[in-house]
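Report on one structure; see the data block that follows.
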Ligand code: ADP
Ligand code: AMP
């Protein structure tokens with residue numbers, strides 16, 4: 001299964017991708033996670049990306065396209081993958097198409113999650129992530145059993161620097177301007193599956209699975 005999860009920041013892409021990786025035994029490729037790891041390690045790419053990320057803007061297309069092209073060639077992507085947070089511009093979508101063609105592969109589905117702007121702000125300000133295993137939580141919608149501690153591994157939870165309200169509003173504007181056009185891009189390509197991302201997490205999951213398995 002070769003999938004893209006498309007949607008604004010906070011739509012639930014990472015949450016649903018984790019479930020799909022287990023269900024279908026295919027990797028989640030999150031460009032945000034890869035970039036954050038590069039920033040943490042202080043690699044040349046990370047140093048270049050940091051200012052764009054801190055400001056809530058997009059990292060240049062050439063950088064993320066290069067990351068994804070390399071990642072898709074790894075062995076674990078042979079039977080499929082879930083792209084989470086990529087593509088985010090029409091240029092990235094065109095580059096992905098060219099890379100897949102080179103590899104003689106085709107996308108199966110682009111799952112688009114629609115969520116209201118105010119709900120996105122509430123989701124992102126309440127998002128917490130485990131520093132150790134990367135599992136995501138929400139203080140209200142998906143809280144850990146013990147505040148600040150990961151249920152899965154006992155690691156400490158943290159709040160992302162870009163999940164502050166001012167940066168969130170900037171990221172939502174960038175999404176509307178640069179990423180939302182991909183909805184019609186993939187509709188025209190005949191691969192778009194639109195889901196109501198306002199539903200609670202388990203219902204989004206159920207709906208996504210049943211529609212993917214039926215298609
Ligand atoms: P994205 O990867 O699209 O940026 P996440 O999957 O990290 O979004 O979700 C953002 C926040 O919203 C997280 O704190 C997550 O727990 C919460 N969340 C995800 N899906 C839902 C949902 N359907 N209803 C309520 N909260 C959700
Ligand atoms: P995310 O974890 O998907 O919310 O991404 C966090 C940040 O990483 C974004 O606000 C961008 O600065 C950067 N980023 C992630 N994916 C991309 C992408 N496909 N294109 C450009 N920038 C990206």
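Here are the numbers for the structure shown:
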{"item": "Candidate set: the range 113-139, residues that are closer than 21 Å to residue 179 by Cα and away from ligand 2 (no atom under 15 Å from the Cβ); chosen: the one nearest to the chain's Cα centre (by Cα)", "result": "114"}
{"item": "Hits in the range 51-60 (condition: buried (at least 18 other Cβ atoms within 10 Å of the Cβ) and on the phi < 0 side of the Ramachandran plot)", "result": "53, 58, 59"}
{"item": "Test: residue in the range 179-193 that is near ligand 1 (Cβ under 9 Å from one of its atoms) and outside any loop (DSSP other than H, G, I, E, B)", "result": "no"}
{"item": "Pairs with Cβ under 6 Å, 6+ apart, first in the range 110-131 and closer than 13 Å to residue 161 by Cα, second part of a helix (DSSP H, G or I)", "result": "124/168"}
{"item": "Failed item, numbered, when residue 101 is tested on (1) assigned to a helix (DSSP H, G or I); (2) surrounded by 14 or more Cβ atoms within 10 Å (Cβ to Cβ); (3) more than 9 Å from ligand 2 (Cβ to nearest atom)", "result": "(2)"}
{"item": "Helices (runs of 4 or more DSSP H) wholly inside the range 3-60 containing at least 2 residues that are over 23 Å from residue 167 (Cα atoms) and either under 11 Å from the mean Cα position of the chain (by Cα) or more than 13 Å from ligand 1 (Cβ to nearest atom) (or both)", "result": "13-24"}
{"item": "Any hit, the range 65-79, residues being over 28 Å from residue 212 (Cα atoms), within 14 Å of ligand 2 (Cβ to nearest atom) and either in contact with a helix residue (DSSP H, G or I) (Cβ under 9 Å, 6 or more places away or on another chain) or not in a helix (DSSP H, G or I) (or both)", "result": "yes"}
{"item": "Subset of the range 2-23 that is over 17 Å from residue 128 (Cβ atoms) and modelled with pLDDT under 95 - its residue that is surrounded by the most Cβ atoms within 10 Å (Cβ to Cβ)", "result": "19"}
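The values are calculated or read from the model by the stated rules, or taken from the named source; none is laboratory data. Since the structure is predicted, the reported quantities are computational estimates derived from the model, not experimental observations. All Cβ positions, glycine included, derive from the backbone under ideal geometry; neighbour counts span all protein chains shown.
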